[in-house]
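Undergrad: Have a look at this one before I ask anything.
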């Protein structure tokens, strides 16, 4: 689905990772969320590839990537993404992480601050993930794998609005019928290949990031859908407060903002990365 990018595979510390590379410009790594896939970024990739060199992996256990042999915490995922980006000659890089991908991005920034220039946190996990309700919910999702169950019916979901409500209503999108056919396909296509989403889910709930956020040294942008019923906007404000980061809220938008409102996300990502690049340029003395 990521037509402008080249599909590649690499063995990284005991796990075979599928990823996509392409585009021209400064490096940018796109990280999907729990139960997602690289194809979640399908609406943004064509435009981002015009200005950035993209690396878009399937996280371990998701879609075309093998599960990790051991995943006690999110560091295990972050380390492999860092090694993969190193192999592609793309560090230091900016990162954009959706949901669980945001927590992976933050852990990579904490472990390798020299490797991360800036982070866009789109409806990121990391604040309330460790609460009991979240732990139970993520465990059940990992066991039930609902996206894998409906993935074989994605063609019908693309065509019929009532089925989009069933797949994405309340939790995922504020207006499911308004999502493009490409976005719907992008959120569902990889799920049929998942082998171990539970591993990332358990790593998330075991990882209390809050005490470490003050040590994130790179600039961050917190990007959120105002109608997110999965990771609430209050989490975004708390994340921004701890990171001393800017917040951008997209009205009438749910958790799957990168597919539901790709136009607003693209504008936010570009503006943020332009500011990061401008601030990284050496100042000229007059």
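Undergrad: Which of 110, 83, 256 moves most in a GNM of the chain, Cα contacts under 10 Å?
TA: 83
Undergrad: For residue 241 and residue 86, what is the calculated FRET efficiency with R₀ set at 25 Å and r taken between the beta-carbons, to the nearest 0.05?
TA: Using R0 = 25 Å, I get an efficiency of 0.20.
Undergrad: Taking Cα centroids, how far is the range 78-103 from the range 249-268 in Å?
TA: 22
Undergrad: Mind checking Rg over Rh on the range 1-122, alpha carbons, Kirkwood formula for Rh?
TA: 0.92
Undergrad: Taking only Cα atoms of the range 154-209, what ratio of Rg to Rh do you get with Rh as the Kirkwood inverse-distance radius?
TA: The Rg/Rh ratio comes out at 1.09.
Undergrad: In nanometres, what is the gap between the two model label sites at residue 9 and residue 166, each 7 Å from Cα along Cα-to-Cβ?
TA: Going by the 7 Å Cα→Cβ label model, 3.4 nm.
Undergrad: A further question follows. For the chain, what's the relative contact order in percent, using C-alpha pairs closer than 8 Å and at least 6 residues apart?
TA: Relative CO of the chain lands at 21 percent.
Undergrad: Run the helix sum for the chain: -39,500 (n - 2.57) per DSSP H stretch of 4+ residues, divided by residue count, reported at 222 nm to the nearest 500 deg cm²/dmol.
TA: For the chain, the value works out to -11000 deg cm²/dmol.
Undergrad: May I ask for the Rg/Rh ratio of the range 135-254, computed from Cα atoms with Rh as the Kirkwood radius, given to two decimals?
TA: Details: Rg = 16.4 Å, Rh = 16.2 Å.
That ratio is 1.01, to two decimals.
Undergrad: I need the fraction of alpha carbon pairs in the chain separated by more than 35 Å, rounded to a whole percent.
TA: Considering the chain, 9 percent of its Cα-Cα pairs are separated by more than 35 Å.
Undergrad: Further question on the same structure: Would you look at the GNM of the chain, springs on alpha carbons closer than 10 Å, and say which of 151, 217, 271 moves the most?
TA: Comparing 151, 217, 271 in a Gaussian network model of the chain, the most mobile one is 271.
Undergrad: If you don't mind, there's one more thing I want to ask. Roughly what % antiparallel, to the nearest 5, for the DSSP beta bridges in the chain? Present the calculation step by step, with values, prior to reporting the outcome.
TA: On the way: 11 of 35 bridges.
If I count the DSSP bridges inside the chain, around 30 percent turn out antiparallel.
Undergrad: Angle, helix 100-111 long axis vs. longest principal axis of the chain, Cα atoms, 0 to 90°, nearest 10?
TA: It works out to around 30 degrees.
Undergrad: For the Cα atoms of the chain, what angle does the longest principal axis make with the long axis of helix 132-144, in degrees from 0 to 90, nearest 10?
TA: In the chain, helix 132-144 runs at an angle near 60 degrees to the longest axis.
Each value in this text was obtained by applying a stated rule to the coordinates, not by laboratory testing. Everything quoted here is computed from the prediction, not taken from an experiment. Heads up, the Cβs are rebuilt from the backbone with ideal geometry, glycines too, and the neighbour counts pull from every protein chain shown.
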